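Student: My structure is below; once you've seen it, I'll send some questions.
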Amino acid sequence: MAREKIIIDTDPGQDDAVAMLLAFASPEEIEVLGVTAVAGNAPLHLTELNARKICEVAGMPDIKVYAGCDRPLFLDLHTAPEVHGETGLDGPDLPMPTMKLQEQHAVDFIIDTLRSHEAGTVTLCPVGPLTNIATALVRAPDIAPRIKQIVLMGGAQTEGGNSSPVAEFNIFVDPHAADIVMRCGAPIVMFPLDVTHQVLTSQRQMERVKAIPGAVGRVTYQMLDFYRRYDEAKYGTDGGPLHDPCVIAWLLKPDLFQGKLCNVAVETASPLTIGQTVVDKFAKTGRPLNALYMMKADSDGFFDLLVERLARL
Ligand code: BDR
Ligand code: CA
């Protein structure tokens, strides 16, 4: 089977970092064409730095990392230091990377990559605010029909929001970008809080992560041990949700998740509900079925995959 060619668009973020590691640990199934950083959990100068640090932890300094947009399309940037720490990647003490940041802008890299590969062969994996992807789509509308699929982390319905009563962080930070992406016409697979909140770094799963041998196991444990504290304190859960790795896990083992093809629209105007994803689960509107909206995860199966793969790095 041909390897899935992907671009990871990310704002690391400990859960972003685990998504990257899971992709890097799976070279038989996944070819990472590049990692594009965006402002989100932390400002851009930190998210691109963190992305490079994670490539080096994985022993993959040849992965190309690009810096993209440093703020949302129209709104001021909201970051999440209360969740991810001031560096965006608190927990482990990682050395400064020696690998260089690519000179090309992330948006140009995304456009060039989609134009230079055969149409329908490149998958975009955005796990942060959608600013880079939307900017690419606006600047180069010809790329939309060339995208194989967009597999993204974002949105919420049954769980409510984590940035407002109704909005999930990645959509809340740049709702205008999310609106452009949801309406671009490419097939979309969407991992909202409704499903990612089922994949928790519980005490039991953390013991398994702790037992992963080597530097990757140690760093992953340290990242997640920091990351879980916020959700445990705020929501009283046993662990924090591994949102972003669900995107990569689905590429590797789609049977771990169940969802429904729906219309998903993004609220961009109301001050009360801006960033809400409106999920038409029962096809009330007749709007196009633009997203496979995920609702259920096999959490044990997810951690079996994660632990097995990270041990390979
Ligand atoms: C999303 O927001 C970020 O904090 C995480 O990295 C994830 O992408 C969850 O709402
Ligand atoms: Ca993220």
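Student: Just the residues that are in a helix (DSSP H, G or I) and within 19 Å of the chain's Cα centre (by Cα), please, taken from the range 288-301.
Tutor: Of everything in the range 288-301, just one residue is in a helix (DSSP H, G or I) and within 19 Å of the chain's Cα centre (by Cα), namely Ser299.
Student: Consider the range 68-98. How many of its residues are within 13 Å of ligand 1 (Cβ to nearest atom) and over 21 Å from Gly239 (Cα atoms)?
Tutor: 2
Student: Ile54 fails exactly one of the following numbered conditions: (1) free of Cβ contacts under 8 Å to residues at least 60 places away in the same chain; (2) within 15 Å of ligand 1 (Cβ to nearest atom); (3) surrounded by fewer than 21 Cβ atoms within 10 Å (Cβ to Cβ). What is the number of that condition?
Tutor: Condition (3) is where Ile54 drops out.
Student: For the range 21-42, which residues satisfy the criterion of being free of Cβ contacts under 8 Å to residues at least 40 places away in the same chain and under 20 Å from His105 (Cα atoms)? Steps first, answer last, please.
Tutor: Within the range 21-42, the first condition is being free of Cβ contacts under 8 Å to residues at least 40 places away in the same chain, and the residues that meet it are 27-28, 31-32, 35.
Result: Val32, Val35.
Student: To continue, here is another question. Name the pairs whose Cβ atoms lie under 6 Å apart, with the first residue in the range 250-267 and in contact (Cβ under 8 Å) with a residue 40 or more places away in the chain, the second of a type in the set (Gly, Ala, Ser), and 6 or more positions between them or separate chains?
Tutor: Short answer, once both residue conditions are applied: Leu252/Ser26; Leu256/Ala249; Leu256/Gly301; Phe257/Ala297; Val264/Ala291; Val266/Ala178.
Student: Another question about this same structure. Out of all the residues in the range 246-258, is one or more buried (at least 22 other Cβ atoms within 10 Å of the Cβ), in a loop (DSSP other than H, G, I, E, B) and under 18 Å from the mean Cα position of the chain (by Cα)?
Tutor: Going through the range 246-258, the residues buried (at least 22 other Cβ atoms within 10 Å of the Cβ) turn out to be 246-250, 257.
Pick out the ones that are also in a loop (DSSP other than H, G, I, E, B) and you get none.
No, the range 246-258 contains no residue that is buried (at least 22 other Cβ atoms within 10 Å of the Cβ), in a loop (DSSP other than H, G, I, E, B) and under 18 Å from the mean Cα position of the chain (by Cα).
Student: Conditions: (1) within 16 Å of ligand 2 (Cβ to nearest atom); (2) in contact with a Ser or Thr (Cβ under 6 Å, 6 or more places away or on another chain). Glu267 meets all but one. Number of the miss?
Tutor: Exception for Glu267: condition (1).
Student: Ok, one more. Hey, among Asp238, Asp225, Asp304, which residue is in a loop (DSSP other than H, G, I, E, B) and either of a type in the set (Asp, Glu) or at pLDDT below 95 (or both)?
Tutor: Values: Asp225 fails: in a loop (DSSP other than H, G, I, E, B); Asp304 fails: in a loop (DSSP other than H, G, I, E, B).
Only one candidate qualifies: Asp238.
Student: Just to be sure I understand, how many residues within the range 107-133 are within 16 Å of ligand 2 (Cβ to nearest atom) and either aliphatic (A, V, I, L, M) or out of contact with any helix residue (DSSP H, G or I) (no Cβ under 8 Å at 6 or more places or on another chain) (or both)? Steps first, answer last, please.
Tutor: The first filter runs over the range 107-133 and keeps only residues within 16 Å of ligand 2 (Cβ to nearest atom), leaving 124-133.
Those still in the list that are either aliphatic (A, V, I, L, M) or out of contact with any helix residue (DSSP H, G or I) (no Cβ under 8 Å at 6 or more places or on another chain) (or both) too: 124, 127, 130, 133.
Here the count works out to 4.
Student: Here's something else I'd like to know. So Asn290 ticks every box in (1) at pLDDT 95 or above; (2) over 25 Å from Pro72 (Cβ atoms) but one. Which box is left unticked?
Tutor: In the conditions (1) at pLDDT 95 or above; (2) over 25 Å from Pro72 (Cβ atoms), Asn290 misses (2) alone.
Student: Kindly provide the set of residues from the range 137-179 that are within 15 Å of ligand 2 (Cβ to nearest atom), among the polar types (S, T, N, Q) and touching a strand residue (DSSP E or B) at 6+ places or on another chain (Cβ under 7 Å), ordered by number.
Tutor: Asn170
Student: With respect to Gly275, is the statement that it is at positive phi and exposed (fewer than 14 other Cβ atoms within 10 Å of the Cβ) true?
Tutor: no
Student: When the residues of the range 266-287 are narrowed to those that are polar (S, T, N, Q) and assigned to a loop (DSSP other than H, G, I, E, B), which ends up farthest from Asp76 (Cα to Cα)?
Tutor: We begin by selecting, within the range 266-287, every residue polar (S, T, N, Q); these are 268, 270, 273, 276-277, 285.
Filter once more, keeping what is assigned to a loop (DSSP other than H, G, I, E, B): 268, 270, 273, 285.
Values: Thr268: 14, Ser270: 16, Thr273: 17, Thr285: 32 Å.
Step by step, filter the range 266-287, then rank; the result is Thr285.
Student: Right, next: Mind counting the residues in the range 84-102 that are surrounded by fewer than 16 Cβ atoms within 10 Å (Cβ to Cβ) and in contact with a His (Cβ under 8 Å, 6 or more places away or on another chain)?
Tutor: Number satisfying all stated conditions: 0.
The values are calculated or read from the model by the stated rules, or taken from the named source; none is laboratory data. What you see is a predicted model; the values in this text were computed from it and never measured. Because the Cβ atoms are built from the backbone with ideal geometry, glycine has one as well, and the counts that use them run over all protein chains shown.
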